[in-house]
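Worksheet: one structure, shown below.
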Amino acid sequence: MGTVLLIVLFVGGIIFKFRRTRTWRKYTRTKRTKPRKNIAKRQEPFDAKSAKAQPAFSVLRGSAYVIDGDTIVIRKTQIRLFGVDAPEIDHPFGQKAKWAMVSLCKGQTVRAEVTQQDTHGRTVARCYLQDGRDLSAEMVKLGLAIDWPKFSGGKYSSLEVPDARKKLWLADARQKGRMHVWEQFKARKYTR
């Protein structure tokens with residue numbers, strides 16, 4: 001009885017190993033599932049009459065990793081929120097803006113409709129939560145971001161809370177081109 005069991009196990013092991021080899025796959029394959037790699041694809045000539053333009057934007061969906069109050073990452077793509085400006089992490093209210101964005105995005109699938117790329121190489125997009133709320137509008141309503149009329153056309157200015165521009169004075173200074181205010185802020189911060 002013991003030798004029969006050993007023979008069965010030995011034959012079973014050989015069959016198991018054989019099934020994992022290319023030879024077994026060659027015998028069991030009924031039709032080719034992958035196209036051959038060496039066959040050249042036939043190129044069709046360009047026809048201007050039937051050509052269609054690519055869509056101007058694409059859509060990304062997924063959970064968002066928050067960088068700061070106006071920047072998130074979806075599927076390894078860094079995205080800047082369309083039309084608003086929030087404080088940087090090391091600026092006043094920067095941490096608060098980031099954590100507000102985290103609480104808005106937590107457990108949500110964010111849909112980002114890409115509009116363009118900014119000068120820093122980030123993708124600019126209109127971002128929406130699952131229930132359809134605009135992330136830019138939500139941050140402005142919370143008073144942790146301000147409308148950037150140069151890019152939004154004033155879309156979010158009516159949503160700004162009173163004194164938001166006073167509270168977010170560094171973001172306001174950036175919008176108005178007063179970068180010397182940023183430099184003074186950095187100089188004071190790092191000399192202390």
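With the structure loaded, tell me whether R126 is farther than 30 Å from L60 by Cβ, without any contact (Cβ under 8 Å) to a residue 60 or more places away in the chain and among the basic types (K, R) or whether it fails that test. So R126 does not fit the description; no.
Quick check on my filter: what residues within the range 149-169 are among the hydrophobic types (A, V, I, L, M, F, W, C) and either at positive phi or touching a helix residue (DSSP H, G or I) at 6+ places or on another chain (Cβ under 6 Å) (or both)? L159 - this is the single residue of the range 149-169 that is among the hydrophobic types (A, V, I, L, M, F, W, C) and either at positive phi or touching a helix residue (DSSP H, G or I) at 6+ places or on another chain (Cβ under 6 Å) (or both).
State which residue is surrounded by the most Cβ atoms within 10 Å (Cβ to Cβ) when the search covers only the range 164-175 and only residues that are part of a helix (DSSP H, G or I) and out of contact with any Asp or Glu (no Cβ under 7 Å at 6 or more places or on another chain).
In the first step, residues of the range 164-175 are kept if they are part of a helix (DSSP H, G or I); the result is 164-167, 169-175.
Imposing the further condition that a residue be out of contact with any Asp or Glu (no Cβ under 7 Å at 6 or more places or on another chain) reduces the set to 164, 166-167, 169-170, 172-173.
On the way: A164: 20, K166: 8, K167: 16, W169: 16, L170: 18, D172: 17, A173: 17.
Ranking the qualifying residues of the range 164-175, first place goes to A164.
Residues being in contact with a strand residue (DSSP E or B) (Cβ under 6 Å, 6 or more places away or on another chain) and buried (at least 20 other Cβ atoms within 10 Å of the Cβ): count how many of those fall in the range 148-163. Total meeting the criteria: 2. Of the residues making up the range 99-108, none is aliphatic (A, V, I, L, M), over 17 Å from S63 (Cβ atoms), free of Cβ contacts under 8 Å to residues at least 60 places away in the same chain and in contact with a strand residue (DSSP E or B) (Cβ under 7 Å, 6 or more places away or on another chain). Is one or more of the residues making up the range 86-96 of a type outside the set (V, I, T), in contact with a strand residue (DSSP E or B) (Cβ under 6 Å, 6 or more places away or on another chain) and modelled with pLDDT of 90 or more? Taking every residue of the range 86-96 in turn, none turns out to be of a type outside the set (V, I, T), in contact with a strand residue (DSSP E or B) (Cβ under 6 Å, 6 or more places away or on another chain) and modelled with pLDDT of 90 or more. Residue count for the range 88-146, restricted to those that are among the acidic types (D, E) and in a loop (DSSP other than H, G, I, E, B): 4.
For G62, the conditions (1) touching a residue at least 24 places away in the same chain (Cβ under 8 Å); (2) surrounded by 17 or more Cβ atoms within 10 Å (Cβ to Cβ) all hold with the exception of (2).
Which of the residues that make up the range 147-163 are in a helix (DSSP H, G or I) and touching a Phe, Trp or Tyr at 6+ places or on another chain (Cβ under 8 Å)? Listed by number, the residues that qualify are F151, S152. When D90 is tested against (1) under 18 Å from W148 (Cα atoms); (2) touching a residue at least 60 places away in the same chain (Cβ under 8 Å); (3) touching a helix residue (DSSP H, G or I) at 6+ places or on another chain (Cβ under 8 Å), exactly one condition is not met: (1).
The values are calculated or read from the model by the stated rules, or taken from the named source; none is laboratory data. Please read all numbers here as calculations on a predicted model, not as lab measurements. Glycine gets a Cβ as well: all are built from the backbone with ideal geometry, and neighbour counts include every protein chain shown.
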